[in-house]
Amino acid sequence: MTNRLSAYIIDKLRDAVTYTSVAREMNLSVNTVIRVFGVVDYGHKNLPSALSIDEFKGNTGGEKYQCIITDPVKRVVLDILPARTEVCLTKYFA
């Protein structure tokens with residue numbers, strides 16, 4: 001399997017699709033798609049010594065308020081979440 005095909009499979013899996021649908025589209029077995037997905041290295045983010053969480057009024061078209069996570073020591077934005085709800089935060093930090 002070429003690197004280009006592997007990259008294409010990973011790109012397809014970024015959408016909310018099943019292994020089966022990607023396998024059918026690519027004319028591959030489901031096990032092959034799962035193996036390609038399994039070799040992806042997502043890396044691990046190191047948490048900073050301090051974490052700042054705040055809300056702001058955004059314009060994403062979904063929720064009225066978004067959540068911003070920053071490193072207050074280095075003054076760097078780490079991530080912006082689409083909502084400030086408990087469900088969204090729990091899912092992010094799980």
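The values are calculated or read from the model by the stated rules, or taken from the named source; none is laboratory data. Note that the structure is predicted; figures quoted are calculated from it, not measured. Glycine also receives a Cβ, built like all others from the backbone with ideal geometry; neighbour counts cover every protein chain displayed.
Every condition in (1) closer than 16 Å to Tyr92 by Cβ; (2) under 18 Å from the mean Cα position of the chain (by Cα) holds for Ala7 except the one numbered (1).
For first residues located in the stretch 17-35 and under 16 Å from Thr2 (Cα atoms) and without any contact (Cβ under 8 Å) to a residue 12 or more places away in the chain, partners that are part of a loop (DSSP other than H, G, I, E, B) and among the hydroxyl-bearing types (Ser, Thr, Tyr) and lie 6+ apart or on another chain with Cβ distances below 8 Å form the pairs Ala23/Ser29. For the stretch 36-68, give me each residue that is in contact (Cβ under 8 Å) with a residue 24 or more places away in the chain and touching a Leu at 6+ places or on another chain (Cβ under 7 Å). Of everything in the stretch 36-68, just one residue is in contact (Cβ under 8 Å) with a residue 24 or more places away in the chain and touching a Leu at 6+ places or on another chain (Cβ under 7 Å), namely Phe37. Residues of the stretch 28-47 that are over 30 Å from Leu78 (Cα atoms) and of a type in the set (Gly, Ala, Ser): Ser29 alone.
Per-residue answers, yes or no, for (1) in the same structural domain as Tyr19 (by TED's automatic domain parsing); (2) farther than 21 Å from Leu13 by Cα:
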{"position": "Thr32", "(1), (2)": "yes, no"}
{"position": "Phe56", "(1), (2)": "no, yes"}
{"position": "Asp71", "(1), (2)": "no, yes"}
{"position": "Lys91", "(1), (2)": "no, no"}
